[in-house]
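Asks: Once you've had a glance at the structure underneath, I'll fire off some questions.
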Amino acid sequence: MKPIIQNISKIISLTPEEETLFLSKIETKYFKAKTILLSSGEICKEGYFVNSGLLRSFNINDNIVEHVLSFACEGWWIGDMYSLLSQKRGNLFIEVLEDSEVEVLSKENQEQLYLEIPKLERFFRILIENSLIANQERLMDNLSLTAEERFEKFCKKHPTLVQKVPQKQIASFIGVTPEFFSKMKSKMLRK
């Protein structure tokens with residue numbers, strides 16, 4: 001069974017015919033590391049499911065500082081949700097961090113699938129709800145936890161990412177500068 005079908009089957013059941021129809025609406029693509037799949041200012045026209053590899057979403061502020069919003073490794077979805085849902089210009093970049101195999105589902109095909117397989121609306125609603133919950137939790141963590149606590153939580157929640165993701169991107173994700181992150185890690189290791 002394809003990983004994307006396994007992912008869907010955690011929430012809804014598709015018949016073999018529905019699986020075939022769904023698979024006909026996605027496209028498997030291979031991307032090299034450092035490929036930019038979406039740039040700030042573009043309209044996001046597709047969502048990505050990672051079969052293998054690693055992607056990230058980030059934005060760059062006026063001071064040319066990167067802010068990492070999310071990572072997506074094997075079995076995860078990623079996209080600029082604001083832009084994908086509103087079909088307005090977004091402010092995120094989506095970058096391939098390591099060579100990746102990705103399933104691409106266009107907004108157009110997703111809408112078509114909602115009509116042909118209505119239970120997929122439930123699947124994507126639950127996916128969006130889980131994303132909203134994770135984003136709210138992250139926001140609350142940024143408001144109430146120390147940088148050390150945010151890093152420890154990141155390590156516990158995403159142990160494989162700690163080894164794969166450059167430290168400056170982890171620093172950005174937890175909301176600190178790379179310099180502060182380096183000093184913080186040294187201090188934590190001495191404890």
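Please treat every number below as a calculation from the coordinates, not as lab data. Remember, it's a predicted structure, so these values are computed and weren't measured experimentally. Reconstructed Cβ throughout: ideal geometry from the backbone, glycine too, with neighbour counts over all protein chains shown.
Asks: Does segment 21-37 contain at least one residue that is among the charged types (D, E, K, R), surrounded by 13 or more Cβ atoms within 10 Å (Cβ to Cβ), in contact with a Gly (Cβ under 9 Å, 6 or more places away or on another chain) and not in a loop (DSSP other than H, G, I, E, B)?
Replies: Checked segment 21-37: no residue is among the charged types (D, E, K, R), surrounded by 13 or more Cβ atoms within 10 Å (Cβ to Cβ), in contact with a Gly (Cβ under 9 Å, 6 or more places away or on another chain) and not in a loop (DSSP other than H, G, I, E, B).
Asks: Return a yes/no flag: does segment 4-27 have any residue that is more than 16 Å from the chain's Cα centre (by Cα) and at positive phi.
Replies: no
Asks: Only residues that are surrounded by fewer than 20 Cβ atoms within 10 Å (Cβ to Cβ) and within 18 Å of the chain's Cα centre (by Cα): list them for segment 104-122, please.
Replies: Val104, Ser106, Lys107, Gln110
Asks: Still on this structure, I have one more. Quick check on my filter: what residues within segment 175-191 are surrounded by 10 or more Cβ atoms within 10 Å (Cβ to Cβ) and not charged (D, E, K, R)?
Replies: Matches in segment 175-191: Gly175, Val176, Thr177, Pro178, Phe180, Phe181, Ser182, Met184, Met188.
Asks: Considering every residue within segment 131-138, establish whether at least one is under 12 Å from the mean Cα position of the chain (by Cα) and assigned to a strand (DSSP E or B).
Replies: Within segment 131-138, not a single residue is under 12 Å from the mean Cα position of the chain (by Cα) and assigned to a strand (DSSP E or B).
Asks: Would you mind stating whether Ser86 is farther than 22 Å from Ile26 by Cα, without any contact (Cβ under 8 Å) to a residue 24 or more places away in the chain, among the small types (Gly, Ala, Ser) and surrounded by fewer than 16 Cβ atoms within 10 Å (Cβ to Cβ)?
Replies: For Ser86, the condition - farther than 22 Å from Ile26 by Cα, without any contact (Cβ under 8 Å) to a residue 24 or more places away in the chain, among the small types (Gly, Ala, Ser) and surrounded by fewer than 16 Cβ atoms within 10 Å (Cβ to Cβ) - is not met.
Asks: How many residues, within segment 139-167, are in a helix (DSSP H, G or I) and free of Cβ contacts under 8 Å to residues at least 40 places away in the same chain?
Replies: Qualifying residue count, segment 139-167: 20.
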